[in-house]
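J.: This is the structure I have questions about; it appears just below.
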Ligand code: SF4
């Protein structure tokens with residue numbers, strides 16, 4: 001089912017589409033979040049399917065001490081719920097005895113009906129009281145019924161906000177899991193701009209909790225943080241509207257938005273960002289010939305699609321056939337949408353078969369999609385890029401702009417080699 005939403009005189013053409021979807025559930029976020037918060041542990045309360053998903057999504061990485069696991073809750077009736085709570089308590093107790101390094105434990109809900117019946121937020125409060133102050137226990141849902149893919153990160157970060165102290169000590173909070181190397185680069189740039197102290201959510205350790213309150217301004221580093229932003233707004237913090245820091249242009253506009261909010265002059269922004277812009281410009285130049293004029297089709301998956309499309313079109317000269325996104329937060333993405341070429345086809349939601357038909361008819365040079373669609377499309381001789389790689393790879397900021405472009409040129413180069 002397709003509906004045309006508020007056609008604008010110019011700007012992108014946004015349509016909504018409903019139907020069958022092919023998107024990961026929010027449990028997937030654990031795969032990058034557990035690397036970010038170094039003393040946290042993610043305990044998925046789920047089924048064997050959930051355990052398999054987490055294992056196979058994370059299977060490429062080997063850890064001596066993994067920071068996630070699945071407590072498998074088998075089917076049981078309502079009468080067995082008390083046992084399920086006791087079992088969960090037992091699992092948590094055993095885990096914390098074995099792993100005294102854990103300071104923050106997330107109970108992550110999933111979609112099997114026997115898990116939905118469990119009240120994980122109550123379980124988290126009970127366990128938090130038992131293990132305080134050494135360990136805090138929080139809960140959120142990564143269920144495929146409630147969340148897609150990156151919404152797992154949103155739910156996780158939103159669960160952290162009520163746990164942050166109230167205060168005015170944080171003038172700027174950067175929100176969204178970033179690789180440590182990227183975070184360090186941004187911290188230096190904000191410092192050079194004279195903005196600070198800057199704190200990041202999530203922090204690298206459980207004890208790293210920024211005090212938030214009225215007077216805190218926050219800058220989203222990821223476009224999929226609707227619930228987290230709502231929780232920060234409820235705390236009295238104010239969002240700084242900005243595009244996202246992907247590519248040289250996105251990074252400059254993101255920093256400039258923060259600079260404006262803190263009264264830093266445009267001349268200072270130009271001076272502070274000059275070296276970074278030059279490095280990014282050189283790195284992007286190496287990929288531009290490969291991407292210029294290439295026709296790109298985005299299936300909805302990560303919610304990064306609109307900023308990525310803006311980067312590919314404006315900085316790399318690619319042509320956008322369709323930009324699918326599972327959800328479109330029109331306020332958080334307003335600055336991004338304004339930068340897309342007029343008439344860009346943006347589709348919110350998904351009707352999988354219809355979208356596959358449009359993709360096949362268009363025969364794009366590159367299709368950005370989830371893992372499940374990549375193999376069938378490759379078999380039809382279409383070059384694909386797994387959108388999940390855009391979450392695992394550091395891609396934000398000036399020094400990662402070349403790597404970001406490289407993620408798109410690699411499948412094209414591989415295809416060219418195969419054809420040769
Ligand atoms: Fe599947 Fe639901 Fe578990 Fe995700 S949470 S792996 S969709 S059963």
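J.: So what are the three principal axis dimensions of segment 186-333 from its Cα atoms, in whole Å, longest to shortest?
T.: Reported extents, whole Å, longest axis first: 46, 37, 28.
J.: Within a 10 angstrom radius of the beta carbon, how do 386, 254 rank from fewest other beta carbons to most?
T.: Listing 386, 254 from fewest to most nearby Cβ atoms yields 386, 254.
J.: Would you calculate the convex hull of the Cα atoms in segment 289-384 and tell me its volume per residue in Å³?
T.: 90
J.: Counting only C-alpha contacts under 8 Å and six or more residues apart, can you give the relative contact order of the chain as a whole percent?
T.: So the answer I get is 18 percent.
J.: Let me ask you something else. Highest first, please rank the peptides 289-297, 365-373, 307-315 by the mean number of other Cβ atoms sitting within 10 Å of their residues.
T.: 307-315, 365-373, 289-297
J.: While we're looking at this one, here's another question. What share of the DSSP beta bridges in the chain is antiparallel, in percent to the nearest 5?
T.: Values: 4 of 49 bridges.
Counting DSSP beta bridges with both partners in the chain, the antiparallel share is about 10 percent.
J.: Does the chain come out rounded, prolate or oblate, given a ≥ b ≥ c as the square roots of the eigenvalues of its C-alpha gyration tensor, rounded meaning a/c under 1.5 and, failing that, prolate meaning a/b above b/c?
T.: Since a/c reaches 1.5 but b/c is at least a/b, the shape of the chain is classed as oblate.
J.: Would you mind checking the tilt of helix 247-261 against the longest principal axis of the Cα atoms of the chain, expressed as 0 to 90 degrees and rounded to 10?
T.: Relative to the chain, helix 247-261 is tipped by roughly 70 degrees.
J.: A further question on this structure: By its C-alpha gyration tensor, with a ≥ b ≥ c as the square roots of the eigenvalues, how is segment 131-174 shaped: rounded for a/c under 1.5, else prolate for a/b larger than b/c, else oblate?
T.: Verdict is oblate for segment 131-174.
J.: Let me ask something else. Once both axes come from the Cα atoms, what is the angle between helix 48-58 and the longest principal axis of the chain, in degrees from 0 to 90, rounded to 10?
T.: Tilt of helix 48-58: around 50 degrees.
J.: What do you get for the angle between helix 120-131 and the principal long axis of the chain? Use alpha-carbon atoms, 0 to 90 degrees, nearest ten.
T.: Once rounded, one gets 60 degrees.
J.: Could you tell me which of rounded, prolate or oblate describes segment 106-249, using a ≥ b ≥ c as the square roots of the eigenvalues of the alpha-carbon gyration tensor, with rounded for a/c under 1.5 and, failing that, prolate when a/b is larger than b/c and oblate otherwise?
T.: prolate
Only the coordinates and a few stated rules stand behind these numbers; no lab work does. If you're wondering where the values come from, they're calculated on a predicted model, not measured in any experiment. Neighbour counts run over all protein chains shown; Cβ positions are idealised from the backbone, glycine included.
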